[in-house]
Amino acid sequence: MSNPLFVGIDVSSKDNVVCCLTNNDENRPLCRFTVLNNRPGILELKERINRLVQNHNFTEIRFGLEHTGCYSTHAAMYLQRHLDFGCPNVRVYMFNPSLIKEFKKAHFLDAPKNDRVDAWYIASKLMAGHLPHPFTWSEPMMALQRLTRARYHLMQALVRESNFLMTNLYLKCSDYTLAFDNKLSATSLAVMEEFESAEALAEASMDELTQFLIQHGKNRFDDPGAVARELQKAARSSYRLPKAMADSVNLAMASSIRVIRTIQEQLKSLKKAIEDHLKTIPQTLDSVPGIGPIFASGILAEIGDIHQFDSHKQLAKFAGLAWTQHQSGNFTASQTRLIRSGNRFLRYYLIEAADSVRMHDPVFAEYYAMKKAEPKQFAHKRALALTARKLVRLVFCLLKTNQLYQPKGGNRHDS
């Protein structure tokens, strides 16, 4: 006969507050204690749980923790792999904090918020069932995840800094964006730095400007003279700034450009590290046209063990690529939003990968075009999210079967 022990742990940066419940009496905890959130603390927790197992002959232990980022990572890893509790069946569950919050509301509308109460509710949730897949971890996957999440962080920083740079660029040369497709290219940034104002750019010698573009563009422009003419045309049609304001704008732009270049260099280093790390992990995702080592790594690192998902629907919900339902009586809403839960890192890499795949695989290109043509708001974003949802099915199949993707057309592209 099963005799389980339910251990709820409320994790913070300093302490782990523990509450132990049994099936015999949910309202009266078997044991409560607090240990430090460090190695001596987790070893003390092990000794206390071992004594409970010996005294009460527990045959199963379920540990529950809220997924609080880095603070819960060490505890979950030690509980799942490094500690022996003298019990044949030990499982660790990581809960979304929102799930525990809603579970608490379902029991008491005015429940207090403190560590002891939270630990009790985590243990109570373990007793109630409907649990997520038990926590598992792989050293190569977690190492890869650190790299891909660092890249995600840098990409978000790059977007923020680029948007700030664009606001100052518009003040300096309002029509500049018409001249370059990639405003953050090395040549574009060099032009921003070299010419102090729109007037200076408009009055520059055409020969000197063309040579400047050839030098900084490393002779990659098909027609540098045409680019120079477009630049001067944009400069002549741009607004003019007072001298005092122009100096401030130039200083702000110079600061942003230095930050952007630093981020770009760090992204190159991360890309090399991610590519090298991915070579040690067997996978077939990069056989899909448009998915290179970066997107494959980001998707793999967040999914982890594909066997924790029974279907592509579960994987899509985990990624936040599922839609809410709004129905009452005979009414069913025709427009619904994406769920707010889900792994934002996985959703980011799936959507970015879908945007790349649709440009290289005719099946995904046709599907994206069909969805974009539907008369809906936010046509591109909606079509891209639906394309990413379609990609989830393919990712699930490839990871489950470990087979190569056989495209019907399109060119291979490493992203």
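The values are calculated or read from the model by the stated rules, or taken from the named source; none is laboratory data. This structure is a prediction, so every number in the text was calculated from the model and none was measured. Note that each Cβ is placed from the backbone with ideal geometry, even for glycine, and that neighbours are counted across all protein chains shown.
Matching residues to (1) surrounded by 18 or more Cβ atoms within 10 Å (Cβ to Cβ); (2) under 19 Å from GLN314 (Cα atoms):
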{"position": "GLY342", "(1), (2)": "no, yes"}
{"position": "ARG347", "(1), (2)": "yes, yes"}
{"position": "ILE351", "(1), (2)": "yes, yes"}
{"position": "VAL357", "(1), (2)": "yes, no"}
{"position": "HIS360", "(1), (2)": "yes, no"}
{"position": "PHE364", "(1), (2)": "yes, no"}
{"position": "TYR367", "(1), (2)": "yes, no"}
{"position": "GLU374", "(1), (2)": "no, no"}
{"position": "PHE378", "(1), (2)": "no, no"}
### Query
Could you list, in sequence order, the residues of segment 123-142 that are under 19 Å from HIS277 (Cα atoms) and exposed (fewer than 15 other Cβ atoms within 10 Å of the Cβ)?
SER138, GLU139, PRO140, MET142
### Task
Go through (1) assigned to a strand (DSSP E or B); (2) farther than 18 Å from SER72 by Cβ and name the single condition ILE9 misses.
(2)
### Query
Counting only residues that are surrounded by fewer than 16 Cβ atoms within 10 Å (Cβ to Cβ) and either assigned to a helix (DSSP H, G or I) or aromatic (Phe, Trp, Tyr) (or both), how many does segment 51-73 have?
5
#### Entry: Selected residue [modelled with pLDDT of 90 or more, among the acidic types (Asp, Glu) and more than 23 Å from GLU265 (Cα to Cα)] from ASP118, ASP110
ASP118
### Message
Please count how many residues of segment 196-236 are surrounded by 13 or more Cβ atoms within 10 Å (Cβ to Cβ) and not in a helix (DSSP H, G or I).
### Response
5
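For every residue, the table says whether it meets (1) more than 30 Å from ALA228 (Cβ to Cβ); (2) out of contact with any strand residue (DSSP E or B) (no Cβ under 6 Å at 6 or more places or on another chain).
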{"residue": "LEU99", "(1), (2)": "yes, yes"}
{"residue": "GLU102", "(1), (2)": "yes, yes"}
{"residue": "LEU109", "(1), (2)": "yes, yes"}
{"residue": "ASP118", "(1), (2)": "yes, no"}
{"residue": "MET142", "(1), (2)": "yes, yes"}
{"residue": "GLU161", "(1), (2)": "no, yes"}
{"residue": "THR167", "(1), (2)": "no, yes"}
{"residue": "LEU171", "(1), (2)": "no, yes"}
{"residue": "LEU189", "(1), (2)": "no, yes"}
### Query
Just one of the numbered conditions (1) more than 20 Å from GLU161 (Cα to Cα); (2) not in a loop (DSSP other than H, G, I, E, B) is not true of PRO282; which one?
(2)
### Query
So which pairs qualify, if the first residue must be in segment 257-275 and under 27 Å from THR167 (Cβ atoms) and in contact (Cβ under 8 Å) with a residue 12 or more places away in the chain, the second must be among the acidic types (Asp, Glu) and part of a helix (DSSP H, G or I), the Cβ gap must be under 8 Å, and the two must be at least 6 apart or on different chains?
ILE257/GLU193; VAL259/GLU161; ILE260/GLU161; ILE263/GLU161
### Task
Among the residues of segment 338-394, write down those that are touching a residue at least 40 places away in the same chain (Cβ under 8 Å) and among the basic types (Lys, Arg).
ARG347, ARG358, LYS376, ARG389, ARG393
## Note on the structure
Selection from segment 289-304 of residues closer than 14 Å to LEU394 by Cβ and not in a helix (DSSP H, G or I) yields PRO289, GLY290, ILE291
### Task
Within segment 29-41, identify whether any single residue is over 30 Å from the mean Cα position of the chain (by Cα), within 21 Å of PHE95 (Cα to Cα) and polar (S, T, N, Q), and answer yes or no.
yes
### Residue in segment 121-140 that is in contact with a strand residue (DSSP E or B) (Cβ under 8 Å, 6 or more places away or on another chain), assigned to a helix (DSSP H, G or I) and farther than 25 Å from GLY342 by Cβ present
yes
### Message
On the basis of being out of contact with any helix residue (DSSP H, G or I) (no Cβ under 6 Å at 6 or more places or on another chain), part of a helix (DSSP H, G or I), not assigned by TED's automatic domain parsing to the domain that holds GLN308 and not hydroxyl-bearing (Ser, Thr, Tyr), does ARG81 make the cut?
### Response
yes
### Message
For segment 5-25, give me each residue that is in contact (Cβ under 8 Å) with a residue 60 or more places away in the chain and within 19 Å of ASN114 (Cβ to Cβ).
### Response
VAL7, GLY8, ILE9, ASP10, VAL11, SER12, ASP15, VAL17, VAL18, CYS19, CYS20, LEU21
